[in-house]
Structure formats: structure tokens, C-alpha cells
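Visitor: Dumping the structure here so I can ask a few things about it.
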Protein chains: 2
Amino acid sequence: MSVRGLCLAILSGGDATGYEIRKESTEGRFSYFDDASFGSIYPALARLEAEGMVTAREEPQAGKPSRKVYSITQAGRDEFIRSLCEPQAPDTFKSPFLLIALNAAKLPPDVLRRALERRKAQVHEELRLLSGIDNENGCTHAGSDWTRDYGIACMNFTLRYLEDHGEALIKIAEDAAAPSQAAAE
Amino acid sequence: MSVRGLCLAILSGGDATGYEIRKESTEGRFSYFDDASFGSIYPALARLEAEGMVTAREEPQAGKPSRKVYSITQAGRDEFIRSLCEPQAPDTFKSPFLLIALNAAKLPPDVLRRALERRKAQVHEELRLLSGIDNENGCTHAGSDWTRDYGIACMNFTLRYLEDHGEALIKIAEDAAAPSQAAAE
DNA sequence: GGTGGCATGTAAGCAGTTACATGATTTT
DNA sequence: AAAATCATGTAACTGCTTACATGCCACC
């Protein structure tokens, strides 16, 4: 999904500024779909405005710099829905953690321990984020609930697996680091 | 993970050609870590050779174009292990499927059905791939086993969840498509 | 008085993809 | 006869990140 599509997806859920879109895409619930930085979001929004997919209104704020709040138009909504009906790219899971796990026998046990703790913390954080979704605003809808529950279920499973089998992974590194001991036993 | 790192990771598991590296990275077990196309792999390998991280030997083949088989050097191995010890980027999951699920109420039920079937098929395929790993060659090692088992466990959970809750997702779209009927009942 | 959050935007650079170029063999 | 697989490589293009530019406020 391109930054353009990401903006449309987020704006179809409500008005937002470029700043907010970036936050949603890197930290918020839309991090499931794509990350994006300022350098790509602002130009994308400007282009979407020129194409009539979104409208912008400037909101001056006391003390803070003025915000440019974008709203999706009907044309934008149509394009977004249409894009969802077309065949999508397959889901992808990219895991630096699993690369470390794959090479467990070649790495110091401490590296494994750190990687495991880091991954667990990451899953915890994602779980915390997902649990907080309905609290933010009252307008929970069915699709959002389903997606959240799916995410929570997967993350809980992952977390339990890491807790149950993490020690085995560390043991691989320990055994490899002390082969003479293991052979002597 | 860059293409450079990907090549090192794959070659640390055994010799390979650029063609094979691309296959492993897009279809094989290394698709967990990064995708890459020819246009990025061949230049990366050439650079790695110039840096002394890999060596290449040409193998003429009867009938087929000659293969350029790359082997990792000790310097390459060291660099790879060192890179794994440094803090890694967090794991990411990008899901066009979940974007469709999130917007279930705005989409035709058929789109939901297709997306669900497609996702299930994808998980099935990944499961098939993971199950076949130990068959390919005898040298299964502990890290590879752990990683494979982790992948299989997660995929099985995902598949069961989709089978158990998929109907609920389709119902969201159906209810939204026929609101008068739902209200009348 | 410094760090960090809010807020928008541009320009340079890079990593990667796509498309092209080539060519034999095997499969349909 | 066409399409797919094996196999390498280059060139153009694109989309995104990083760094820069600017500025005010709140908190520590």
C-alpha cells in the first residue's frame, strides 16, 4: 500500500492533519498497513487535494502552529472503496527476531536473551495499543472490533509461545557456546 | 534488512547463485526476512565480492546458461554475525487483508469472502512451505527447527482463527449491505 | 536553559523495482 | 508454436527516507 492509499484509508475514518496521519501510521492502529514519514505524507496530501480526493481547511491555534485539517471527499471515498475491491498484495511478516533465532547456535546467549525480551516487549506494547482502541472514541464499529479482536488473539498467542518456548531457544545458544561441556556430560 | 544483509544471511547457510537467492527470498523460508528482485541482488553480490565478503566461481552447465555460485568468506561470516548482535529493527506485520476487514461494513460481502479465502490459502501455502523444510536436506539444526516450529504454530493459530471467525466478518458486510432487512427482522 | 512535543514543508540522496536485453531448454 | 524455467546483468525510474529549515510552547 502506497502512502497515497494510506492517507485515504486514515481519512476515511475521520479528519486528520498530516502530523496525525504520520502518528497513526507509525504508532497507531494503522501501523498494520504501512509506515510513512513526513517527507512522503505532506506531498501525498497536497497531490490528493489537487486531485479533489480531499479538502483542506486551516485551523489557527493559539500558541501552537496552525493545523491543516484534511477531509476526504466523496470522490476520495469512492476511490478508496474501489481500491479495496481490487486484488490486494499478500500479507507480509518481516522478522529480524526470527533471523536471530535461526542463527541461535552461532550467537552468544546474551544476544538471544536480549532479542527475546525485546520481542516480548514489542508484543506487549502492541497488545496495550490494541486494547486501548475502543476507549479513544465511542464510535466503535463492527469491522474495527473484528480487526482488534483478531490482533489481540494473534498477539496473545505469540506472547504465550515466546514465554513457553523462549528458554529452549536460549538453550540452543548456550549449548553451542559450550560444546566441550555438553560433550563431556 | 537490506539486500546486502539478506545475501549474507542466505549464503551463511550454504552456497547459492543470484537466481537461487532471489527464489529463497521471495518464495522460500527467507521470505520471513526480506524480498528482493534481480535488479538489487546482482549488484549487491558484485559489491560483496569486491569487498571480500563472498567469493564466486563460474560453473558452466550443459544446455543451461552457466551459473555463478557464491560462497561466503570468513570476513563475510564475521560481518553477518556482528550485524545480528546489533539492535535489530522491530518485527513488522503488514496486512492488506486487515484493511479490508476494518472496512467490512463499507464493502460488498463478496469482496470479504474473496479476501478471506485468499488469506486462508496464503496461510495454507506458508504452512506447506514450512512443513517441507526438513525434507529438503538432512542438515536440520536447532535454530532452524525452533524457527520452523514457531512459524507453524503461529500459522496454525491464524488459520484456526480465520476458520472460526471468518463467518462473523462476512456477516458484518451482509448486514451493512441490507440494512432495511436487518432493521425489519 | 535544554529537551521534547506540536506543526508544516522542501531538497537531496538512495535503495529498490520494473523493464529491457539475451539466449538455450523444457514443458504444454 | 508458445510459454515457462533457468540464468545473468544493466538502465531508467520511482517512491521513500533523511536531513534540513522554521518556530512556538510546555515541562523539567
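Visitor: Which members of region A:6-36 meet the condition of being among the small types (Gly, Ala, Ser) and near DNA strand D (Cβ under 8 Å from one of its atoms)?
Guide: Once the filter is applied, which keeps residues that are among the small types (Gly, Ala, Ser) and near DNA strand D (Cβ under 8 Å from one of its atoms), region A:6-36 yields only A:ALA36.
Visitor: Among the numbered criteria (1) crowded, with 16+ Cβ neighbours inside 10 Å; (2) within 8 Å of DNA strand D (Cβ to nearest atom), which single criterion is violated by B:GLY39?
Guide: The one condition B:GLY39 does not meet is (1).
Visitor: Among residues belonging to region B:50-68 that are within 17 Å of B:ARG22 (Cα to Cα) and away from DNA strand C (no atom under 14 Å from the Cβ), point out the one that is nearest to the chain's Cα centre (by Cα).
Guide: Ranking the qualifying residues of region B:50-68, first place goes to B:VAL54.
Visitor: Check region B:14-30 and report whether any residue there is away from DNA strand C (no atom under 16 Å from the Cβ) and either surrounded by fewer than 16 Cβ atoms within 10 Å (Cβ to Cβ) or in a loop (DSSP other than H, G, I, E, B) (or both).
Guide: Within region B:14-30, one or more residues are away from DNA strand C (no atom under 16 Å from the Cβ) and either surrounded by fewer than 16 Cβ atoms within 10 Å (Cβ to Cβ) or in a loop (DSSP other than H, G, I, E, B) (or both).
Visitor: Can you find a residue that is in contact with a strand residue (DSSP E or B) (Cβ under 9 Å, 6 or more places away or on another chain), away from chain A (no Cβ under 14 Å) and crowded, with 17+ Cβ neighbours inside 10 Å anywhere in region B:78-87?
Guide: no
Visitor: Hey, another quick one. Going by what's in this entry, would B:SER71 be described as hydroxyl-bearing (Ser, Thr, Tyr), away from DNA strand C (no atom under 13 Å from the Cβ) and more than 14 Å from every other protein chain (Cβ to nearest Cβ)?
Guide: Taking the combined requirement at face value, the residue satisfies it.
Visitor: With the condition kept exactly as written, say whether any residue in region A:86-98 is part of a helix (DSSP H, G or I) and in contact with a helix residue (DSSP H, G or I) (Cβ under 6 Å, 6 or more places away or on another chain).
Guide: yes
Visitor: Ok, one more. Please work out which residue is surrounded by the most Cβ atoms within 10 Å (Cβ to Cβ), limiting yourself to region B:42-72 and to residues that are without any contact (Cβ under 8 Å) to a residue 40 or more places away in the chain and touching a helix residue (DSSP H, G or I) at 6+ places or on another chain (Cβ under 9 Å).
Guide: By that ranking, first place goes to B:LEU45.
Visitor: Could you tell me whether B:ALA46 is away from chain A (no Cβ under 14 Å) and within 13 Å of DNA strand D (Cβ to nearest atom)?
Guide: yes
Visitor: Considering only residues that are at the interface with another protein chain (Cβ under 8 Å from one of its Cβ atoms), surrounded by 17 or more Cβ atoms within 10 Å (Cβ to Cβ) and β-branched (Val, Ile, Thr), look in region B:88-124 and name the one that is farthest from the chain's Cα centre (by Cα).
Guide: Among them, the one singled out is B:VAL111.
Visitor: Is it fair to say A:GLY76 is assigned to a loop (DSSP other than H, G, I, E, B) and either closer than 22 Å to B:ALA101 by Cα or not assigned by TED's automatic domain parsing to the domain that holds A:THR140 (or both)?
Guide: Against the criterion (assigned to a loop (DSSP other than H, G, I, E, B) and either closer than 22 Å to B:ALA101 by Cα or not assigned by TED's automatic domain parsing to the domain that holds A:THR140 (or both)), A:GLY76 does not qualify.
The values are calculated or read from the model by the stated rules, or taken from the named source; none is laboratory data. Quantities reported herein were computed from a predicted structural model and do not represent experimental measurements. With ideal geometry, Cβ positions are generated from the backbone for all residues, glycine too; neighbour counts draw on all protein chains shown.
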